[in-house]
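A short worksheet on the structure shown next.
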Amino acid sequence: MKAELFDFQEAAVAELRKAVLAAREQASSRDPRAISFSAPTGSGKTVIMAALFEDILFGAVGLPAQPDAAILWISDMPELNEQTLRRVNQVSDRIGMGRLVSIDAGFDRERLEPGVIHFINVQKLGQDKRLTRQGDGRTWPIWETFSNTARAIPDRFYVVIDEAHRGMTGAKQAKEARTLIQRFLLGHPESGLVRMPLVIGVSATPKRFNDLLNHEKAAKTVHKVPVPVDDVRASGLLKDRIPIHHPAAATPAEMSLLEEAARAWVRMSQAWDAYCAAEQEPRVWPVLVVQVENGTEQQVSRTDLKVALDVIEKAIDRPLHEGEAVHALHDCGELQLGGRTLRRVDASRIDEDKGIGVVFFKTSLSTGWDCPRAEVMMSFRRAEDHTYIAQLLGRMIRTPLARRIERDAALNDVHLFLPYFDADAVKTVVEDLKDVENAPPAETGSSRELVILKRRADAAEIFAAMVGLVTYRVDAARAQSHLRRYIKLARRLNLDDIEPAAWAAATAQVVDWLGTELAGLQASGTLDKLLREMTWVKISTTTVGTGGDENGDYVTPVREYEIEASEADIERQFDEAGQRLGEGLHKAYWTANADRDALDVKAEAIVLARSHAVMARLEAKAEAAFNALYDKHKHATAKLKEKERIRYERLRLATAKPVEVEWRLPERIEFRRTEKAPAYERHLYLEEDGRFRADLGTWERELLAEELADPGVVGWLRNLDRKPWSLEIPYPTAGAERPMFPDLLIVRKVDADGSTDYQFDILEPHDPSLADNFEKAVGLARFAERHGHLFHRIQLIRKLPSKAGGERFFRLELNSEAARKQVLPVTSNAQVDAVFKQLAV
């Protein structure tokens, strides 16, 4: 793949491989199989499927190659088909345009071409379409082509139904015989179409597809492959939040909000310009999307497009450039508006035309359109049209650079302006946006609640003093083998010119390890036996005849002999060894031993890769080598631009163990609070108006009041759960490690010996009735044991009855050796309670 897959995408491909292997072994028109693949809108379903196609055609670990497989991709729009074809070609480095065929009216074959991905939309399959009829120079109606393919290669014919929720059973469709797409699942004798042996439904939600599979004629074996919403959200592929801007009450303020939307577009453009310049990234050209009202017989839209253009130009304080504003209205062509030309563009072409900055449309952009540059949307639609708005946002929430921006949280937002929606109507939109069929898993709410905080202007010294503090990341990236991590790290250092010889050196080192392991097997006397088992195949022959015993049959004794494994079998196993070792290491071993017989060397690589003990030792060596190489260059990689630095961090985090990282706080962070949240002083991040407001719990609020009563406290941070910038501490639970996020970080200014220093406290108020008390206590104690020198206080806090009457906060100081010694071995809440009674103050 040309495209680097996100962790959740790699996991999805791995699960799809398993489903394909299980399905294709038994697939036939008589016993069809189905795979229901569901992933949230914007998660890159086409990229995932392209990776799966590569694995089907060329093979992968556990999935033998089918180079003669035929793949049919069905969608419900011609434009969507072309967009998908282009995207597959864009992200795959093995498929190529020669394997991508769009079926048109001239297509005429007995069977679909092997090794090719064919694309068709249902509009071409109607009864009145040339493709479906014989004659006029056509030998094979398309339905017969599909049926012939299904009969000939049932285990190698894959029918992919894109957006499988479309065209399926609904209130209207239930009254009809079957839709065109339903024919592929249920068969259609009238047109000569058999049931397709293996169908993959690709959808944001599989409910309607799965409902149809309950039909008595549909596939009875269904393999389900879902992509978790949280995994997509964590990847950074999608915008984090959708702030909705609206009037307090429904009032005719449409042009006022359009003006504000245009100003937001300018702010986003300026912010992207600053970020791309600082990070030396290709420039991002944000788009303002304006959804207008339907038209009448006399006018294209009831929204005055000329006035809208005037308002936008007033807001941005300049005339729009020629071609900067366009429309995607299907019922008209080029428009002349007060001396301006508003040209029409196809929705799928918007993203690639960097000169486009403003797009007017009605409802049609929600299908077949993908524009990561769309940063601001204004809708003239009324509240009753909320579904259209949700569908559109599902197409415009991908991040322009396909990753979360660390430096400026404002660039992780996409803004929605709704002049005809009051607070209650906005709640309806928010509920719509929780539906993953139409919208992605972004945090959504009123712009009055979703705010951006920036660093406090007078806190520069505090942030400078925080350099060197550490946090952890737990399960932050999909775990990879240490061999793969080591070689990928070395290659990255090579490509970034940090250590140009790193890749070759690391590869040579692994080859040397393989040689050492081979010598060990030879010294133990097991190598020859393992090689023979791999290169020779035992054959047993039993002959059964007739008339030789009282039953009329005779059986000869079993005859056993051996034959030499074919070169093709060894090559296949060598490829499998390469998939186990990863990163081309099997070929590196073969090349390093080029002076010996090629098949002998390949057999050695196969034996080594199959040995669990050998692989375990290699993994241990690779882990140590990765850590040493990373530590050697960590200061150099920390100075890289954000895009390159993230690549190294992802490799570092790609392990099952919690990973210690430097705690970096960005310039701006996202925050959510209610409109009436109380204000608090001395927070490290503030809103544009210079205040910090938050909805704290009772314990947090009272504990903070105690801390702020100390004039030495000059700052504090409300630590949020699972943010890229959060302070995260691992704790043990049920044999695994989970993350905890202490509520408060307190900053004290200390003057000593004529110099100023800052102390940092970690405070975690925790309800003693919760079952995880002892586990989190152990986690905090472990953190204090390793990193207590970086912090002043690390406290687990409870509110308990006081001897003096009432309730007081009792603090267990885990940065104390005495407390740690008692907490580290605890295995129950009762034991933690006992430590609290003895040591908490």
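Remarks
- Selection from segment 224-246 of residues that are surrounded by fewer than 19 Cβ atoms within 10 Å (Cβ to Cβ) and at pLDDT 85 or above: Lys224, Pro226, Pro228
- From the list Leu80, Leu112, Leu72, Leu52, the one residue that fits, being at pLDDT 90 or above, in a helix (DSSP H, G or I) and open to solvent by less than 20 Å² (accessible area, probe 1.4 Å), is Leu52.
- From the list Val614, Val661, the one residue that fits, being buried (at least 18 other Cβ atoms within 10 Å of the Cβ) and of a type outside the set (D, E, K, R), is Val614.
- Looking across segment 696-730, the residues that are under 30 Å from the mean Cα position of the chain (by Cα) and open to solvent by 20 Å² or more (accessible area, probe 1.4 Å) come down to Arg718, Leu720, Asp721, Arg722, Lys723, Pro724.
- Taken together, the residues in segment 192-223 that are of a type in the set (Lys, Arg), in contact with a Ser or Thr (Cβ under 9 Å, 6 or more places away or on another chain) and either in a loop (DSSP other than H, G, I, E, B) or at pLDDT 90 or above (or both) amount to 1.
- Some residue of segment 782-789 being among the small types (Gly, Ala, Ser) and more than 26 Å from Ala705 (Cα to Cα): no
- All conditions in (1) within 27 Å of Arg484 (Cα to Cα); (2) at pLDDT 85 or above; (3) assigned to a helix (DSSP H, G or I); (4) not β-branched (Val, Ile, Thr) hold for Ala568, with the sole exception of (2).
- Residue that is surrounded by the most Cβ atoms within 10 Å (Cβ to Cβ), among those in segment 809-823 that are in contact with a helix residue (DSSP H, G or I) (Cβ under 6 Å, 6 or more places away or on another chain) and part of a helix (DSSP H, G or I): Val823
- Residue match in segment 658-667 (condition: of a type in the set (Val, Ile, Thr) and part of a strand (DSSP E or B)): yes
- Taking segment 641-657 as the range and being open to solvent by 40 Å² or more (accessible area, probe 1.4 Å) and either within 22 Å of Glu737 (Cβ to Cβ) or among the aliphatic types (A, V, I, L, M) (or both) as the test, the residues that pass are Glu649, Arg650, Arg652, Ala656, Lys657.
- Checking every residue in segment 623-637 against the condition of being aliphatic (A, V, I, L, M), surrounded by 12 or more Cβ atoms within 10 Å (Cβ to Cβ), modelled with pLDDT under 95 and not in a loop (DSSP other than H, G, I, E, B) gives zero matches.
- Hey, Gly98 over 27 Å from the mean Cα position of the chain (by Cα), surrounded by fewer than 15 Cβ atoms within 10 Å (Cβ to Cβ) and not in a loop (DSSP other than H, G, I, E, B) or not: yes
- In the condition set (1) farther than 23 Å from Glu706 by Cα; (2) within 37 Å of the chain's Cα centre (by Cα); (3) outside any helix (DSSP H, G or I), Pro768 is compliant with all but (1).
- Filtering segment 273-304 to residues that are more than 20 Å from Pro400 (Cα to Cα) and either polar (S, T, N, Q) or at pLDDT 95 or above (or both) leaves Gln291, Asn294, Thr296, Gln298, Gln299, Ser301, Thr303.
- Residue list for segment 638-693, filter: acidic (Asp, Glu) and without any contact (Cβ under 8 Å) to a residue 60 or more places away in the chain: Glu649, Glu681, Asp689
- Of the residues making up segment 435-455, at least one is open to solvent by 40 Å² or more (accessible area, probe 1.4 Å) and modelled with pLDDT of 95 or more.
- Long-range neighbours under 8 Å by Cβ, at least six apart or interchain, first residue among the aliphatic types (A, V, I, L, M) within segment 517-528, second open to solvent by 50 Å² or more (accessible area, probe 1.4 Å): Leu521/Leu530
- Segment 717-765 - residue that is over 21 Å from Ile462 (Cα atoms) and among the β-branched types (Val, Ile, Thr) and, of those, modelled with the lowest pLDDT: Thr733
- Of all residues in segment 326-367, those that are part of a loop (DSSP other than H, G, I, E, B), touching a residue at least 60 places away in the same chain (Cβ under 8 Å) and under 14 Å from Val300 (Cα atoms) total 2.
- Meets criteria (open to solvent by 70 Å² or more (accessible area, probe 1.4 Å), among the β-branched types (Val, Ile, Thr) and modelled with pLDDT under 95) for Val61: yes
- The set of residues in segment 1-29 that are in contact (Cβ under 8 Å) with a residue 12 or more places away in the chain, surrounded by fewer than 24 Cβ atoms within 10 Å (Cβ to Cβ) and not in a helix (DSSP H, G or I) comprises Met1, Lys2, Ala3, Leu5, Glu25, Gln26, Ser28, Ser29.
- Members of segment 714-748 that are of a type in the set (Lys, Arg) and in contact with a Gly (Cβ under 6 Å, 6 or more places away or on another chain): Arg748
- Members of segment 115-132 that are of a type outside the set (Val, Ile, Thr), open to solvent by 10 Å² or more (accessible area, probe 1.4 Å) and touching a strand residue (DSSP E or B) at 6+ places or on another chain (Cβ under 9 Å): Arg130
- Within segment 481-495, tally of residues that are surrounded by fewer than 18 Cβ atoms within 10 Å (Cβ to Cβ) and assigned to a loop (DSSP other than H, G, I, E, B): 0
- Yes/no for Ile103 being open to solvent by less than 10 Å² (accessible area, probe 1.4 Å), of a type in the set (Val, Ile, Thr) and within 23 Å of the chain's Cα centre (by Cα): no
- Some residue of segment 261-269 being over 15 Å from Gly357 (Cα atoms) and out of contact with any His (no Cβ under 8 Å at 6 or more places or on another chain): no
The values are calculated or read from the model by the stated rules, or taken from the named source; none is laboratory data. Note that the structure is a prediction, hence the values are computed from the model and not measured. A quick note on method: Cβ atoms are made from the backbone with ideal geometry, for glycine too, and the neighbour counts reach across all protein chains shown. Quick note on the areas: whole protein, heavy atoms, side chains included, nothing else; ligands and nucleic acids left out. Shrake-Rupley method; radii C 1.70, N 1.55, O 1.52, S 1.80 Å.
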